[in-house]
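Contents: one structure, followed by commentary.
The values are calculated or read from the model by the stated rules, or taken from the named source; none is laboratory data. As the structure is a computational prediction, the values presented were derived from the model and not from experiment. Cβ coordinates were reconstructed from backbone atoms using ideal geometry, including for glycine residues, and neighbour counts include every protein chain displayed.
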Amino acid sequence: MATAPNEAENAIALEEIRTERQEAPKGQKTFTVEEAVETIGFGRFHIALFLIMGSTGVAEAMEIMLIAVVSPLIRCEWQLQDWQVALVTTMVFFGYMVFSIVLGLLADRYGRWKILLLSFLWAAYFSLLTSFAPSYIWFVFLRAMVGGGVSGHAQGLIIKTEFLPTKYRGYMLPLSQVFWLAGSLLIIGLAWVVNPTIGWRWLIRIASIPGILLILVFKFIPESARYNVSTGNMAAALATLQSIAKLNGVKAGEAISELPPFVPERRGRFKDLMHPRYLRTTLQIWIIW
């Protein structure tokens, strides 16, 4: 008799969303999410997904690189020392570090799409507030909050990965870094024009526009089908996959007719990453990031 999987293995099995097919009723074919994604293939939906989720990199780069182009100006305006200027960048990434953990846990609980939307609303709100900062202390605090919001943009990468067929992930995901480069170049170009004319406060307001525009188009991107399956919302997952198939020109009935029955399992926990079986991989990924 096979040994029952331990808790850590259950967590990984859940994340894979049952890649092994469960027995279906006679005469009825079932698909796992991964099988459905592979069957549907690459099409118009994935192009839209790539452009929208990739553009999150533009907004993220502009918010992160913003400090580099406004630091000389706030140094003069508030007569700051070197360590005070450096503290601004430090606090941005401190907020990024703390909120990335919190938002990651919330995304597992409430959904990728909801946290992605929340992170953009949060970042845009505090970024706009930064442009009205009356003092250095307020500026540091508000930029730390922006860093926290930007950390949630990573949910866009997760959604994009989960919907992409396997053979496209190897080059589509690295290719999306072009958007980050575009955002960096854009904020530098804007700073060259805006800072000497209407000032750094207006530069911050203008830099918030891409994030606000993305909020308006997120409605075209569905929640992760993998997440819906992991929470037992099989109907939503099936509807999402069938709508993608239709948009890609694949007959929904041929692409996916049914998902395996939902079997409640324990959700993964943070401490599972520290299990001896996965510790090496966990540390390698942390170092790379």
For Ala8: the one exception among (1) at pLDDT below 70; (2) among the hydrophobic types (A, V, I, L, M, F, W, C); (3) surrounded by fewer than 20 Cβ atoms within 10 Å (Cβ to Cβ); (4) not in a helix (DSSP H, G or I): (4)
Subset of the range 139-162 (residues that are in contact with a helix residue (DSSP H, G or I) (Cβ under 6 Å, 6 or more places away or on another chain), under 22 Å from Tyr227 (Cβ atoms) and either of a type in the set (A, V, I, L, M, F, W, C) or surrounded by fewer than 15 Cβ atoms within 10 Å (Cβ to Cβ) (or both)): Val150, Ile158, Ile159
Count - residues of the range 101-135 that are of a type in the set (A, V, I, L, M, F, W, C) and either touching a Gly at 6+ places or on another chain (Cβ under 7 Å) or assigned to a loop (DSSP other than H, G, I, E, B) (or both): 11
Hey, Val69 within 25 Å of Trp192 (Cβ to Cβ), touching a helix residue (DSSP H, G or I) at 6+ places or on another chain (Cβ under 7 Å) and not acidic (Asp, Glu) or not: yes
Residue tally, condition surrounded by fewer than 20 Cβ atoms within 10 Å (Cβ to Cβ) and within 21 Å of Ala133 (Cα to Cα), over the range 46-66: 1
Identity of the residue in the range 210-234, out of contact with any Asp or Glu (no Cβ under 8 Å at 6 or more places or on another chain) and charged (D, E, K, R), that ends up farthest from Ile40 (Cα to Cα): Lys219
Number of positions in the range 136-153 that are farther than 15 Å from Arg205 by Cα and either modelled with pLDDT of 95 or more or assigned to a helix (DSSP H, G or I) (or both): 12
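One line per residue, one yes/no per condition, for (1) within 23 Å of the chain's Cα centre (by Cα); (2) surrounded by fewer than 17 Cβ atoms within 10 Å (Cβ to Cβ); (3) at pLDDT below 90:
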site	(1), (2), (3)
Gln81	no, yes, no
Met91	yes, no, no
Phe94	yes, yes, no
Asp108	yes, no, yes
Ser119	yes, no, no
Phe126	yes, no, no
Residues that are assigned to a loop (DSSP other than H, G, I, E, B), among the hydroxyl-bearing types (Ser, Thr, Tyr) and touching a helix residue (DSSP H, G or I) at 6+ places or on another chain (Cβ under 6 Å), drawn from the range 193-241: Ser208, Ser224
Close pairs (7 angstrom Cβ cut-off, 6 or more residues apart or separate chains): among the basic types (Lys, Arg) in the range 194-217, part of a helix (DSSP H, G or I) anywhere: Arg205/Leu128
Residue match in the range 248-257 (condition: modelled with pLDDT of 85 or more, on the phi < 0 side of the Ramachandran plot and in contact with a helix residue (DSSP H, G or I) (Cβ under 9 Å, 6 or more places away or on another chain)): yes
